[in-house]
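Trainee: I am attaching a structure below and will ask some questions about it afterwards.
The values are calculated or read from the model by the stated rules, or taken from the named source; none is laboratory data. Keep in mind that what you see is a predicted model, and the values were worked out from it rather than measured. Please note: Cβ atoms are built from the backbone with ideal geometry, for glycine as well, and neighbour counts cover all protein chains shown. Note: accessible area is taken over every heavy atom of the protein model, side chains too, but ligands, DNA and RNA are not part of it. Shrake-Rupley method; radii C 1.70, N 1.55, O 1.52, S 1.80 Å.
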Amino acid sequence: MITPSSEWQWANQQYLVGELQRLYSLLESHTGREGSVGGESQRNFAVFDSLPPSLDCLCENLRLSDFERDILLLCAGVELDSRFASLYTEITGNPQQNYPTFSLALAVLPQPEWGAIAPQGALRRWHLLEIGEGNALTSSILRIDESILHYLAGVAHLDPRLAAIATPMKTRELVPSHRQIVEELVKTWSFTSEQEELLPILQLCGHYGSEERAIATACYQKLNFTPYRMTVESLPSDTANLNLVKCLWEREFALNRVGLVLECDNPGSLDAKQQMAIAQFLDSVNAPVIIISSERYPQKHRSLIAFDVHSPTSEEQRLLWHQALNDIGCSISHQEEQVELLVSHFNLTPVAIRAASLKAQAKLQSDSSSFHLWEICRTQARPRLDELAQRMDSTADWDDLVLPEREKNVLRDAAAQLQQRTKVYQTWGFGGKSQRGLGISALFAGASGTGKTMAAEVLAREMRLDLYRIDLSAIVSKYIGETEKNLARVFDAAEAGGVILLFDEADAIFGKRSEVKDSRDRYANMEVAYLLQRMEAYPGLSILTTNLKNSIDQAFLRRIRFIIQFPFPDVTQRAEIWRRSFPSHTPTEGLDPNKLAKLQVAGGNIRNIALNSAFIAAQAGQPIRMEHILQAAQSEYMKMERPLTDVEVKGWISS
């Protein structure tokens, strides 16, 4: 809302006093005595050239007739001038009637209209006045709406009924790509305002929240509107209250040039009653509305124009990082190189970049390394994904991973590509004009316990990135379209960066593409295609694990960049795994890794046996010996439903 100058406030007050005096003189002439000299409505103040008095603005914007205007003044008079109440009593001859009524207005005001009190008339349709108690409509008390009274006095504020569910929005500087969206929004409304009775609804689709709000705010301020935001859950579901809220927003727009930003985070989570209320509101509200949502809101009967909001470009993020670090008076060692690394791995909004810099300010003043800033960026990207997947602590390193050298080299290649992707895709131009195929994907295939999850942990620790495990068996839904929605939420949340996605149990969705025999087969193939599309566009590393590589369609395998087969460990590898299974400060006695390696089990089972043997030894108050491992191995084999043969444990315990 525009805050008027003190000169305008004084002139507006003088104008309102003059109008009330004119009306008082008119009423006084009906008492049988000569009316007092009426004041002049001084419209000739210079300040009214740019902003007319509030009474005239209201009458013009809400299209009040002269009779309706004077009824409004009748109601305002009793609130602002104590003389009016006694004058009403004198005119009606009723000592109890010190308030205005419609019958009084019909009797004393010129050009009376019965339609002025009708529900569709401007006074009641815009809720400018309230009809109180009375034996008849014409004899009921007329009371001016409080917000309208303040407006006439020159004090504009949002109606309290709206202020309870809406909050004002503040502007901030936008990056160039987002300023371009603002220009498109303004042009869209400017082009259509003269062609359509109702402005089209504008929709900003994105997953960043703060950026969509900033764009909507900038659009309204460019149009000289005051922006307020409200969630769709705040809209009443019952028709009467919904119509009241709609009318009040239209009134605020007409009087105070207020624009509404309606936030709809997840349209699919709304019940049928809420969706119906939103649709009814959007189809009929005669005021500017910008919807913010992660998904496109379905178009009903009114024009709805959607704009996609993406995070700032890499170049914009570089500038934001340098600006944020300069604003806090801190720098990091090798700043250009480190900022490039941050931009390469994190896709943060301006608000998140600013927050990360401020959070790191104290630590950067004493330590100019980028470690603190990197860790803060990781935490900035976590919240949305923590609700959808399991974050895993990455403690394993290359020394913990027992694999053939060839497989290890493939893992190192994947890490190198993740580290150098910005240079190759952007600086060297391999990114081109399409993001398809730029995602780094890997398939880890092998029996359970062969080290697939540990390899993912090693990559995450090597790159200092978070590792999130997504159980695909829980993502897949029997309901058509739900699997894609579940996957979309995961990828959308992960795109803030700093994340490696580990899709476990890939066989649940990536089985051989079936022959289409019914509609379910067709949609199953669509789920596979959707996941392939998102993996190819995802800027980070996504890993799939499977126990059965042969069950995955070859057409799918061709689109995976790295495929690593995790073999069942041989005797030498099993011995090495046994050597690394016991921490250095664990008390052991007489353990022989070569004898232990005779157990025909994978690395995951070896770790289980080692851990269980530690508990057995601890309970016995002894160091871990071969007999403790034998007892733990027997339990592990029972769990696997396999017999523990004499050959495997031969020579473990001397008789």
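Trainee: State the answer as a single residue: which of 96, 402, 190 lies farthest towards the positive end of the charge dipole of the chain, with beta carbon charges of +1 for Lys and Arg and -1 for Asp and Glu, about the Cα centre.
Mentor: Farthest towards the positive pole: 402.
Trainee: Using a 1.4 Å probe over the heavy atoms of the protein chains, calculate the carbon and sulfur portion of the accessible area of the range 35-181 as a whole percent.
Mentor: 50
Trainee: Could you give the distance between the Cα centres of the range 393-426 and the range 82-122, to the whole Å?
Mentor: Centre-to-centre distance over Cα atoms comes out at 85 Å.
Trainee: Once Lys and Arg get +1 and Asp and Glu get -1 on their Cβ, which of 32, 442, 605 lies farthest toward the positive end of the dipole of the chain?
Mentor: 605
Trainee: Right, another one. If each residue of separation counts as 0.36 nm, what is the full-extension length gain between residue 5 and residue 631 once their alpha-carbon separation is subtracted?
Mentor: The span from residue 5 to residue 631 would gain 216.6 nm if fully extended.
Trainee: Using r as the Cβ-Cβ distance of residue 63 and residue 384, and R0 as 45 Å, what FRET efficiency do you calculate, to the nearest 0.05?
Mentor: According to the calculation, E is roughly 0.40.
Trainee: Setting aside same-chain residues fewer than 8 positions from residue 359, which lysines have a Cα under 17 Å from its Cα?
Mentor: Within the straight-line limit of under 17 Å, residue 359 reaches no lysines at all.
Trainee: With n ≥ 4 as the cut-off for DSSP H runs, can you work out [θ] at 222 nm for the chain, using -39500 (n - 2.57) per run divided by the number of residues, rounded to the nearest 500?
Mentor: -14500 deg cm²/dmol
Trainee: Once the whole set of protein chains is in place, how much accessible area is left on residue 8, using a 1.4 Å probe, in Å² to the nearest 10?
Mentor: Ignoring ligands and nucleic acids, residue 8 comes out at about 20 Å².
Trainee: Provide the gained length on full extension for the span residue 479 to residue 81, in nm with one decimal, where the gain is 0.36 nm per separating residue minus the Cα-Cα distance.
Mentor: On the way: separation 398, 0.36 × 398 = 143.28 nm, distance 6.72 nm.
Extra length from residue 479 to residue 81 when fully extended: 136.6 nm.
Trainee: Less than 13 Å from a label point 7 Å out along the Cα-to-Cβ axis of residue 549: which backbone N atoms in the range 406-430 qualify, by residue?
Mentor: Under 13 Å, as judged by backbone N against the label point of residue 549, lie 406-408, 410-411 of the range 406-430.
Trainee: Please say if the range 451-500 is rounded, prolate or oblate, where rounded means a/c under 1.5 for a ≥ b ≥ c the square roots of the C-alpha gyration tensor eigenvalues, and otherwise the choice is prolate for a/b larger than b/c and oblate otherwise?
Mentor: oblate
Trainee: Another question, if that's okay. Between residue 408 and residue 622, how high is the FRET efficiency from 1/(1 + (r/R0)^6) when r is the Cβ-Cβ distance and R₀ = 41 Å? Nearest 0.05. Provide the component values of the computation, followed by the final result.
Mentor: Numbers: r = 37 Å, r/R0 = 0.90.
The computed FRET efficiency comes out at 0.65.
Trainee: Hey, with R₀ at 51 Å, roughly what FRET efficiency would residue 56 and residue 508 work out to, going by the Cβ-Cβ distance, to 0.05?
Mentor: Details: r = 69 Å, r/R0 = 1.35.
In this case the efficiency is close to 0.15.
Trainee: Once both labels are modelled 7 Å past Cα along the beta-carbon direction, what's the residue 272-residue 646 spacing in nm?
Mentor: Result: 7.2 nm between the two label points.
Trainee: Considering the values (i) 0.95; (ii) 1.00; (iii) 1.17, which represents Rg/Rh (Cα atoms, Kirkwood Rh) as calculated for the structure under consideration?
Mentor: Checked against the structure: label (iii).
Trainee: Right, next: Calculate how large, on average over all directions, the projected area of the Cα convex hull of the range 42-150 is; give the answer in nm² to one decimal.
Mentor: Working: hull surface 29.8 nm².
Answer in nm², one decimal: 7.4.
Trainee: Could you give the dipole magnitude of the chain about its Cα centre, charging the beta-carbon of Lys and Arg +1 and that of Asp and Glu -1, in debye to the nearest 20? It would help to have the intermediate numbers written out before the result.
Mentor: Details: 66 positive and 81 negative charges, 453 e Å.
In total the dipole reaches around 2180 debye.
Trainee: While we're here: Separation between the residue 237 and residue 319 pseudo-spin-labels, each 7 Å from Cα along Cα→Cβ, expressed in nm?
Mentor: Here the answer is 4.7 nm between the modelled labels.
Trainee: Another one. Hey, what's the chain come to in accessible area per residue, 1.4 Å probe, Å²?
Mentor: 48
Trainee: Once the Cα gyration tensor of the range 239-385 is diagonalised, what are the square roots of 5 times its eigenvalues, in whole Å and ordered largest first, as equivalent ellipsoid semi-axes?
Mentor: Taking √(5λ) for each eigenvalue gives 43, 17, 14 Å, largest first.
Trainee: Next question, about the same structure. Please give every one of the lysines within straight-line cross-link reach of residue 423, meaning a C-alpha to C-alpha distance under 25 Å, and leave out same-chain neighbours fewer than 8 residues apart.
Mentor: 408, 433
Trainee: Check the straight Cα-Cα distances from residue 650 and name the aspartates and glutamates below 17 Å, setting aside those fewer than 8 residues away within the same chain.
Mentor: Result set, ordered by chain and number: 592, 627.
Trainee: Another question, then. Probe 1.4 Å, all protein chains in place: accessible area of residue 423 in Å², nearest 10?
Mentor: Its accessible surface works out to 100 Å², give or take rounding.
Trainee: Next up: Order these peptides, 390-397, 347-354, by their mean beta-carbon neighbour count within 10 angstrom, highest first.
Mentor: Going by the mean number of other Cβ atoms within 10 Å, highest first, we get 347-354, 390-397.
Trainee: In nm, to one decimal, how far is the modelled label at residue 426 from the one at residue 362, with both set 7 Å along Cα→Cβ?
Mentor: 3.1
Trainee: Within the accessible area of the range 324-438, what % is carbon and sulfur when the probe is 1.4 Å and the other protein chains stay in place?
Mentor: Working: 3020 of 6350 Å².
Whole-percent figure for carbon plus sulfur exposure: 48.
Trainee: Strictly over 28 Å apart at the Cα level, which of 273/478; 300/485; 246/478; 549/595; 595/639; 478/549 would you flag in this model? It would help to have the intermediate numbers written out before the result.
Mentor: On the way: 273/478 26 Å; 300/485 22 Å; 246/478 40 Å; 549/595 32 Å; 595/639 22 Å; 478/549 24 Å.
Distance filter (> 28 Å) returns 246/478; 549/595.
Trainee: In terms of modelled amide H atoms, which long-range or inter-chain residues lie less than 5 Å from the amide H of residue 204?
Mentor: 291, 292, 293, 307
Trainee: Mind checking the full-extension length gain between residue 303 and residue 328? Use 0.36 nm per residue of separation minus the Cα-Cα distance, one decimal, nm.
Mentor: On the way: separation 25, 0.36 × 25 = 9.00 nm, distance 4.51 nm.
My answer for the length gained is 4.5 nm.
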